[in-house]
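Since every read-out is calculated from the coordinates, none of them should be taken as a lab result. Because the structure is predicted, anything quoted here is derived from the model rather than measured. Neighbour counts run over all protein chains shown; Cβ positions are idealised from the backbone, glycine included.
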Amino acid sequence: MKRPKGFRRPRFRPADSAQQIVGGFLLAGPFVVTEEVWLLASGMNVFQALLTAGVVATIGYAALYRADTDRDPGAERRLFGLPIRFLSLMTVAFGSVFVLAMLFDAPDTFLVEQGVTGIDLWLTTFKAITVGAVFSVVGAATADSVF
């Protein structure tokens with residue numbers, strides 16, 4: 001459906017966050033409970049995890065503002081210089097993985113039972129969250145753009 005000239009999508013609303021949450025949780029779930037993700041995370045270094053987080057941000061921004069040409073990031077409300085829709089997406093992408101990991105007790109199942117404790121436990125959990133967020137951001141951005 002072609003939109004009339006000058007058409008502008010409604011600004012970011014709480015319902016948009018709800019859509020992101022549904023999509024983010026939907027795609028995050030299978031990766032939080034996959035042993036391979038936690039094994040992969042244990043082999044990553046912090047630099048790789050930070051780069052992975054950067055990839056998540058890049059995917060999210062591209063999905064929101066490059067793949068969907070009807071959306072103008074300059075026209076959206078901002079917080080700390082970033083569009084609120086994008087900040088919501090990043091919160092959902094990383095937050096959904098974190099929440100599911102804690103609810104399913106994944107760090108205990110995949111790390112503590114293997115003898116990983118202390119700072120290594122939290123660093124590996126952070127790395128696993130960045131891996132899961134790669135998939136969560138796709139679901140969250142898709143749900144935001146489709147609905």
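Some values worked out for this structure:
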| read-out | value |
| --- | --- |
| Radius ratio Rg over Rh of the chain, counting only Cα atoms, Kirkwood formula for Rh | 1.05 |
| Reciprocal mean inverse distance between Cα atoms of the range 70-141 - Kirkwood radius, Å | 13.7 Å |
| Rounded FRET efficiency, nearest 0.05, which uses the C-beta distance separating LEU40 from ARG66 and R0 of 30 Å | 0.60 |
| Residue-span extension gain [LEU87 to TRP122] - 0.36 nm each, minus C-alpha spacing | 10.3 nm |
| Sequence of VAL56, VAL33 once ranked by neighbouring C-beta atoms within 10 Å, starting from the fewest | VAL33, VAL56 |
| FRET efficiency estimate (nearest 0.05) - Cβ-Cβ, ALA75 to LEU26, R0 35 angstrom | 0.80 |
| Length-normalised contact order of the chain in % [C-alpha pairs under 8 Å, at least 6 apart] | 50 percent |
| Label-point separation in nm, VAL55 to ARG13, each point 7 Å along Cα→Cβ | 3.5 nm |
| Fully extended contour minus Cα-Cα distance, from VAL33 to ASP108, at 0.36 nm per residue | 25.8 nm |
